[in-house]
Amino acid sequence: MDILRFATAGSVDDGKSTLIGRLLFDSKSIFEDQLESVERTSVDRGEEYTNLALLTDGLRAEREQGITIDVAYRYFATPRRKFIIADTPGHIQYTRNMVTGASTADLAIILVDARKGILEQSRRHAFLATLLKVPHLVVAVNKMDLVDYDQATYEGILDEFTAFAAKLDIGDLTFIPISALHGDNVVDRSVNMPWYDGSSLLHHLEHVHIASDRNLIDVRFPVQYVIRPHASTDPELHDYRGYAGQVAGGVLKPGDEVVHLPSGLTTTIAGIDGPNGPVAEAHAPMSVTLRLADDIDISRGDMIARPNNRPEVAQDLEAMVCWMTPDRQLTPRTKLVIKHTTRTAKTMVKDLHYRLDVNTLHRDESAGGLGLNEIGRITLRVTQPLFVDDYARNRLTGGFILIDETTNNTVAAGMIVNAR
C-alpha cells in the first residue's frame with residue numbers, strides 16, 4: 001500500500017482545518033477520546049456544532065484565534081492508500097510554514113471560499129505549490145452550502161483560477177466543489193450538487209497516480225552513514241561494510257555498476273539490505289544499506305550514481321529561496337551553511353538577482369535583500385562541490401536548506417534552478 005503526502009493551503013478561514021477534520025471523521029479515522037475532547041471543547045466555547053477544525057488546530061494560540069499557525073501533521077488510511085496530511089497556515093506571515101509543509105507533498109489542496117472567490121493568498125499558495133513542484137493540484141471550492149450550492153458560482157471560480165493557472169507550470173489540475181462543514185463531496189458524493197459529475201475528494205486522493213512522479217531514471221544515493229559493526233563474535237559482521245542512506249532517485253539492484261562521487265571510482269553493488277533483511281531492488285524513497293564489491297573510501301555526504309548518468313558537480317548554484325527568519329536579511333555577501341542531501345558545507349551569497357512578488361509575479365531586480373517570508377533568485381558560492389540536479393528534475397537532490405552558523409537556525413529553503 002503506497003503513501004500519499006498532501007498539503008492543504010489557501011487563504012485564512014477558507015476551511016482547511018475543518019476539511020481535514022471532516023476527512024478524518026467521515027473516514028472513521030478518529031479515536032473516540034479524540035472526538036469526545038473536540039465535542040467537549042466545542043460546547044465549552046459555546047459553538048452550536050462539533051468544530052472538527054480543533055482536530056488539527058492544537059496550539060492554544062490557534063484555538064483562541066481560530067487560525068492555523070504551525071504546520072500540523074495528521075495520518076489516516078483507507079483500504080486503498082495511506083495518507084500523511086500537512087495542514088498549513090493561510091496567513092501571509094506564516095508563508096515559511098506553508099513552504100515547509102508543501103515541500104514533501106505529492107499533492108496540494110488549494111481551498112477557495114465560494115463566497116469570496118480567488119483571493120491574493122489563494123494565488124500565493126498556488127504559485128508556491130508550483131514553485132515547490134508539487135505534481136498534483138486540487139482546487140477545492142469550499143462552503144458551497146453558503147451559496148446554495150450554486151453551479152454558476154462554482155464555474156465562475158473555475159474559470160478565474162484556470163486563467164491564473166495558465167501563467168504557472170501546473171501538471172495536473174482538478175476542481176471539486178465541497179462543503180467541509182457538512183461533508184458534501186468530501187468522502188461521499190453530494191446529493192446537493194447533482195450538476196457536478198466528478199468524484200469526491202477522498203475518491204480522488206485514493207486514485208490519483210503518483211508512482212510516475214518520482215524520478216526512477218537517475219540513480220542518486222546520498223550516503224548518510226557508514227555501517228561497520230566490528231562484531232568479533234560473528235565472522236560475517238566482522239568484515240561487514242555498508243553504506244546507509246535514502247534512495248533519492250532511480251532503481252538500484254545487486255550487480256549494478258555504480259560510480260562513487262567525488263572520487264569517480266566505479267564498482268558494483270554486492271547486495272542491498274533493508275530493515276528486514278536483503279532486498280532485490282531499492283528505489284526512492286526507500287532507506288537501505290548498500291554493500292559494494294570493492295573497498296572504496298566513502299563517507300557521509302558522498303554520492304553513489306550511475307557511471308554514465310551522474311549529477312552535476314557544482315560549487316556555483318543558482319536557486320530560488322524562501323527566507324525564513326525575521327532576525328536578519330539575506331543580502332549579497334551573506335555567509336551561511338548549506339545542507340544539501342547529506343552534505344554540509346559553508347556558502348556565501350554571490351548575488352541577489354531579484355525579489356519575486358508572488359501575488360503579481362513581478363520581479364524586483366532593484367531589491368537589496370530578502371526579508372521574512374520573501375522569495376527571490378540568488379547565486380550561491382559553496383566552499384566544496386555538491387552533487388546536484390535541477391529541482392524540476394529531482395526534488396531531493398535539487399533542494400537544500402540554509403543555516404545560520406552562529407545560531408544553528410534554519411533561515412532559508414532553496415530550490416536549485418541552474419548548477420555549474
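The values are calculated or read from the model by the stated rules, or taken from the named source; none is laboratory data. Since the structure is predicted, the reported quantities are computational estimates derived from the model, not experimental observations. With ideal geometry, Cβ positions are generated from the backbone for all residues, glycine too; neighbour counts draw on all protein chains shown. Please note that ligands, DNA and RNA were not included when accessible areas were found on the heavy atoms of the full protein model with its side chains. Shrake-Rupley method; radii C 1.70, N 1.55, O 1.52, S 1.80 Å.
Toward the positive end of the charge dipole of the chain, about the Cα centre and with charges on Cβ (Lys, Arg +1; Asp, Glu -1), which of 315, 191, 109 goes farthest? The listed residue farthest towards the positive side: 315. In terms of packing, defined here as the mean over residues of other Cβ atoms within 10 angstrom, the peptides 411-418, 270-277, 286-293 line up highest first as 411-418, 286-293, 270-277. As a rough guide to protection, the peptides 208-215, 182-189 ranked by mean Cβ packing within 10 Å, highest first, stand as 182-189, 208-215. Using the 1.4 Å probe convention, the accessible area of the stretch 288-341 works out to 45 Å² per residue with neighbouring protein chains retained. Pairs of lysines in the chain whose Cα atoms sit within less than 14 Å of one another amount to 5, provided the residues are eight or more positions apart or on different chains. Round to the nearest 0.05 the FRET efficiency obtained for residue 160 and residue 216 when R0 = 41 Å and r is the Cβ-Cβ distance. Using R0 = 41 Å, I get an efficiency of 0.65. On the beta carbon distance between residue 315 and residue 174, with R0 = 51 Å, the FRET formula returns roughly 0.80. For the chain, the Kirkwood hydrodynamic radius from C-alpha pairs, put into Stokes-Einstein at 10 °C and a viscosity of 1.306 mPa s, yields a diffusion coefficient of 68 µm² per second. Take the Cα of residue 1, step 7 Å toward its Cβ, do the same at residue 266, and the gap between the two points is 4.3 nm.
Between the listed residues 392, 373, 352, the Cα displaced farthest toward the positive end of the dipole of the chain, a dipole computed from Cβ unit charges relative to the Cα centre, is found at 352.
So what's the net charge close to residue 201: Lys and Arg +1, Asp and Glu -1, counting the other residues with Cβ under 11 Å from its Cβ? Local net charge: -2. A DSSP coil position with no more than 15 other Cβ atoms inside 10 Å describes the following trypsin sites (Lys or Arg not before Pro) in the stretch 103-160: 115, 116.
Quote the charge dipole size of the stretch 217-282 about the Cα centre in Debye, to the nearest 20; the model charges only the Cβ of Lys and Arg (+1) and of Asp and Glu (-1).
Using Cβ point charges on Lys, Arg, Asp and Glu, the stretch 217-282 gives about 180 debye.
Extending 7 Å from Cα along the Cβ direction at residue 206 and again at residue 76 yields two label points whose distance is 1.3 nm. With the simple model of a label 7 Å out from the Cα in the direction of the Cβ, residue 253 to residue 409 spans 5.0 nm.
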